[in-house]
Amino acid sequence: MQKLILLVALLIVQFAFSQETKKEKPEELETVVIESETKAITNKNGNLKVDVANSIYSSQPNTIELLSKLPKIQISPDKESISIIGKGRPLLYIDNQKVSLNDLNTLDVADIKTIEIINNPSAKYEADGRAVILITRKFSKKEGYKVSVSENAIFKKYFNNYAGINSSFKTGKFEFKANFSYNQIKVWEKNGNNFVIPDYDIKSNYLVTAVTDRPQFLYGGGIFYKITEDDYFSANLSARSQKDNFDIVTKTHNEDGTDVNDINTLNRNGESRNFISGFLNYNHKIKSINTVLFSGFQYSNYNQQIASVISNDYNETGSVLSQFRDQDFGVNVFSGRIDLEKKFKNEMKLEVGALYLEANARTDFKVENFNPPTSTNSNYTYKEQNLAAYSQFSGTYNKLNYSAGLRAENTIVKGKYDSESTLSIDKNYINLFPKAQLELVIDSSNIISVNYAKSIMRPNFSSTSQVSVYINPYFVWSNNINLDPTISNELSLTYQHKELSLRLIRYKSTNPVYSGASYDDSQNLLTFNTTNFDKQSDMAIELTVPFKYKFWSTTNVLNIGQTKIEDKSAVVNTSKPSVYFYSNHIFKLKKELEFSVTGWGYTTQKLGIFERSGLFTFDAAVSKTFFKQLSCSIGWNDIFRKIKYKETFIINTISSRGIYYSDSRSIAFSVKYTFGKIKSVFIEKSVDENSGRIK
């Protein structure tokens, strides 16, 4: 089947090339002129901008899959988190509005104009992130309607189907939007680990497999009213609802001194997740002083319920019911903000703003053990308040562009178990986050810039829960309610010649967050959870080379970096440089036919505490548009099936050698039909600067 699909794709490309040689000369010249006007990816000061609307990227089945094809962006196997090479978790924006991953799941690729990866965000962006992914949608003032219907069939180990409908209707000053998607997803996951705990003479290894059936509904809608040319009001609602049914099957070999056991564990799970987010925005221009005022409110709610029935079979003596778990987690987030932007005649601009946020979370954790009969009932509440204010000033003096900003944040965090009279977490702290940039324009082809930024990365709200995953009688995955935020200081120097850029980056972090291990001898239980380490230091040099020749465009990124993570609880080994590389090639042929190949990967990473294996993956895709309304594409991901992660470390005298398999090899067929004529004028701005922390 896969060979047949690849053969068909190659025949399509070959046919297109043959047609190109048969065309008359005037038509060839016309095509060259049109294609020279656009580039799939452009580079400015180390920031990459992707033209989605006019490239093969527009054929991707959804926004998350689209992001996974872009330089430096890494999507986790479960599609629940995004990171950028050398930057960590980015901030997500749509049309200058802060959004979460849930909002990206409801965004139709057909509505996206460009995606920009900003490496040095200014102080107007919140301090919770060292990079920004900015998505810009298409804009038009034309009245009318547009409806887009899509169907995406993806073949992995199991069949996955994504079907959706997106609609827009504009009349006069009003625009209405609505979307609905139904996804039938089946997720395969597999990982294993070998543990050695010399202090307790323990050796343990396991291999776990899980298959999840996930029917998922995504829906949303909104209204936009343009009061005047500069004033508007908007309201938006988006939601996701899904139910996960999955069995976690684990095979374990455990040696505790002279006690040796082989255990087969079956963990039957039923889970539901519901997310809803809504906001109101008002934008007004005060013409007398040439100032734009924005104000808004936002509310988000996330609920997760998990019920687990666990059985163990020791040494093939028969499966015995071992434990029942009932875990409920919910979080509500409310925020309000106000922003002022003042422009001066001499191209200087002043921006000031303030934000208030309040988050309330609660976890109900119940466990019933059957042999011996015991029970645990724990209820935990978490409350966080954040008050922030910022000021950003920018301008130009001769050939020097400059900007400087300062953000101040006061954070109050309280956590308490219902069974205890005192607070388990009680924090009240103020942080200042300065940012500055100087850009020297030598001439039209050469620019040198220097950037400094201090930033913070707060834990996701879900990490405040007590939710844990039972793997076997000796091992659990768990959250950590005591996580502190990570503070980073970064300095970078960039030289750009035309579209080629060379960047030098240096940053240091305190309290970086990674997965660690601890052992409780009283319970004979090993726990994996995220934890704060002492410090992290990074150095990197990054070269970005976009290039275009006739119908062929390519983007290449090479990052050579060295990271060292240190902590007193871990064995810190030698840190060595590693290489990340990305190479994308797009062939824009005649008759709206496009072909692309992408390869990326990185070498072995020796990060002080952690050592991670290298990996490489190669993707290909063919896209064809018919009559400007019907688009079809075939994509083949991870062709050589090379994505497999390995990680080793020694923390708290626990030696770990883990392996994580990814179900990334897939063949995808996508069909999208659009009728009606309209392009969105929807303008929104998020109030909740912490929405990305809701998982």
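The values are calculated or read from the model by the stated rules, or taken from the named source; none is laboratory data. If you're wondering where the values come from, they're calculated on a predicted model, not measured in any experiment. Cβ sites come from the backbone with ideal geometry, for glycine too, and all protein chains shown count toward neighbours. Side chains included, ligands, DNA and RNA excluded: accessible areas come from the protein's heavy atoms. Shrake-Rupley method; radii C 1.70, N 1.55, O 1.52, S 1.80 Å.
Annotations for the structure displayed:
- 20 Å cut-off, amide nitrogen to a point 7 angstrom out along ILE541 Cα→Cβ, residues in the range 470-514: 491-508
- Taking θ as phi - 60° and the Karplus parameters 6.51, -1.76 and 1.60, the scalar couplings of the range 217-224 work out to 10, 10, 8, x, x, x, 9, 10 Hz in sequence order, x denoting glycine and proline.
- Nearest 10 degrees, 0 to 90: helix 2-22 Cα axis against the chain principal axis: 10
- Measuring spread by the Cα atoms of the range 429-550 yields a radius of gyration and Dmax of 21.4, 69 Å.
- The charge dipole of the chain, taken about the Cα centre with unit charges on the Cβ atoms of Lys, Arg (+1) and Asp, Glu (-1), comes to about 2560 debye, rounded to the nearest 20.
- Using θ = phi - 60° in the Karplus curve 6.51 cos²θ - 1.76 cosθ + 1.60, the 3J(HN,Hα) couplings for the range 578-587 round to 10, 10, 10, 9, 9, 9, 10, 10, 10, 10 Hz; x is entered for Gly and Pro.
- Mean Cβ count within 10 Å, highest first, over the residues of peptides 201-208, 272-279: 272-279, 201-208
- For the range 70-221, convex hull of alpha carbons as volume per residue, Å³: 167
- From the coordinates of this entry, log10 I(q)/I(0) by the Debye sum over Cα atoms at q = 0.07, 0.08, 0.10, 0.11 Å⁻¹ is computed, and it appears in (1) -0.58, -0.73, -1.03, -1.18; (2) -0.51, -0.68, -1.09, -1.34; (3) -0.50, -0.63, -0.93, -1.11 under the label (2).
- The orientation-averaged projection of the convex hull spanning the C-alpha atoms of the range 473-538 amounts to 6.7 square nanometres.
- Averaging Cα coordinates gives a centre for the range 39-115 and one for the range 242-316; these two points are 22 Å apart.
- Surface accessible to a 1.4 Å probe, per residue, for the residues of the chain, Å²: 45
- Charge dipole (debye, nearest 20) of the range 296-409; +1 at Cβ of Lys and Arg, -1 at Cβ of Asp and Glu: 860
- Gain on full extension, evaluated as 0.36 nm per residue between LYS508 and ASP313 minus their Cα-Cα distance, stands at 65.4 nm.
- Amide H partners (placed H, <5 Å) of THR604, local residues excluded: GLY614
- Length added when fully stretched, VAL249-SER445, from 0.36 nm per residue minus Cα-Cα: 64.7 nm
- Highest mean packing comes first when the peptides 584-595, 438-449, 625-636 are listed by Cβ atoms within 10 Å, giving 584-595, 625-636, 438-449.
- Accessible surface of the chain, 1.4 Å probe, proportion on carbon and sulfur as whole %: 58
- Using the Karplus relation 6.51 cos²θ - 1.76 cosθ + 1.60 with θ = phi - 60°, the per-residue 3J(HN,Hα) values for the range 264-279 come to 9, 10, 10, 10, 8, 10, x, 9, 10, 10, 9, 10, 9, 9, x, 8 Hz, with x marking Gly and Pro.
- Dividing the convex hull volume of the alpha carbon atoms of the range 168-273 by its residue count gives 151 Å³ per residue.
- Relative contact order of the chain: 14 percent, from C-alpha pairs under 8 Å at least 6 residues apart in sequence.
- Helix axis angle, 25-35 relative to the chain longest principal axis, alpha carbon, degrees: 50
- In the complete set of protein chains, residue-level accessible area for THR171 is approximately 60 Å², probe 1.4 angstrom.
- Evaluated at q = 0.14, 0.17, 0.18 Å⁻¹: base-10 log I(q)/I(0), Debye formula over Cα of the range 245-332: -0.71, -0.85, -0.89
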